[in-house]
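> Handing you this structure, nothing more for now.
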Amino acid sequence: MAFHEIRFPANLSFGSIGGPERRTDVVTLANGHEERNTPWAHSRRRYEAGAGLRTLDDIDALIAFFEARRGRMHGFRWKDWADYKSCLPSHKPTAIDQVIGTGDGIQTVFALTKTYRSGTETYTRRITKPVAGTVLVAVARDPKVEGQEFSLDAARGEITFVVPPDLGVSVYAGFEFDVPVRFDTDMIMTSIASFQTGEVPDVPVVEVRI
């Protein structure tokens, strides 16, 4: 098993359906009250890629990608068109989109994260597959230069500073990112509707933990 650092063709994932999945155990007590618990600290995303396929060329590209990944065997990158930026979908990423840590004068490696907020509640998601060339970093709101002041590990979602950020200063980042996934099937069934179009009704894709 391996992870292939290649993105599922973005034109095929456009139009797909899917999103985050949670697992919650609910027990209803005799008095009608509930006890709820979750074994998952983090959500897991699922997608259905079949809805985005329209032409025979699309189907050919899908089959080639599926065969190269050996079905469920190897993971790959997926662009979630509904959630692929550190900022709002209508905005462009900036170096101060997300606070990813606080300097202590010693630590040089920081993991990329994205925080989701609703009211007073927050959820912080680890970003392991940033898109190379899109990552912007700032320390105490002062932009840093990649290749000179920090380096990026795009396969792990980590940035490494040449000089550790000072004690108490905020470390920021902005970026685009992919979701690490695999196919959730070992078989793809196709139907040819005409000489120009075809249909693939079921192409499930599921997020993998990195």
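> In Å³ and rounded to a whole number, note down the convex hull volume per residue for the Cα atoms of the stretch 129-210. If you can, show how the numbers build up before the last one.
Values: hull volume 11.9 nm³, N = 82.
For the stretch 129-210, the hull spanned by Cα atoms encloses 145 Å³ per residue.
> Relative to the first principal axis of the alpha-carbon coordinates of the chain, what is the inclination of helix 56-68, with its axis defined by its Cα atoms, in degrees from 0 to 90 and to the nearest 10?
60
> I would also like to ask the following. Rounded to the nearest 500, what is the 222 nm mean residue ellipticity of the chain from helices alone, with -39500 (n - 2.57) per DSSP H run of 4+ residues and division by all residues?
Values: 2 runs with 17 residues, N = 210.
Taking each H run of at least 4 residues, the total per residue is -2000 deg cm²/dmol.
> Still on this structure, please answer the following. To one decimal place, what Kirkwood hydrodynamic radius in Å is obtained for the chain from all pairs of distinct Cα atoms?
This gives a value of 19.3 Å.
> Please give, to one decimal in nm, the separation of the simple spin-label points placed at Asp57 and Thr120, each 7 Å out from Cα toward the Cβ.
5.5
> For the chain, modelled as a Gaussian network with Cα springs under 10 Å, which listed residue fluctuates most, Tyr123, Tyr47, Tyr172?
The residue that fluctuates most here is Tyr123.
> Give the aspartates and glutamates whose C-alpha is closer than 15 Å to that of Lys92, dropping any in the same chain fewer than 8 places away, or say none.
Asp83, Glu176
> Separate question: Among Gly103, Gly19, Gly147, which one shows the highest mean-square fluctuation when the chain is modelled as a Gaussian network with alpha-carbon springs under 10 Å?
Greatest mean-square fluctuation among the candidates belongs to Gly147.
> A follow-up question, please. Enumerate the amide H contacts of Lys129 below 5 Å, restricted to partners 5 or more residues apart or on another chain; note that Pro and chain-start residues carry no placed amide H.
Asp178
> Cα centroids of the stretch 107-175 and the stretch 1-74: how far apart, whole angstrom?
So the two Cα centres are separated by 26 Å.
Values quoted throughout were computed directly from the atomic coordinates according to the rules given, and no laboratory measurement underlies them. Just so it is clear, the structure is predicted and the values come from calculations on it, not from any experiment. Please note: Cβ atoms are built from the backbone with ideal geometry, for glycine as well, and neighbour counts cover all protein chains shown.
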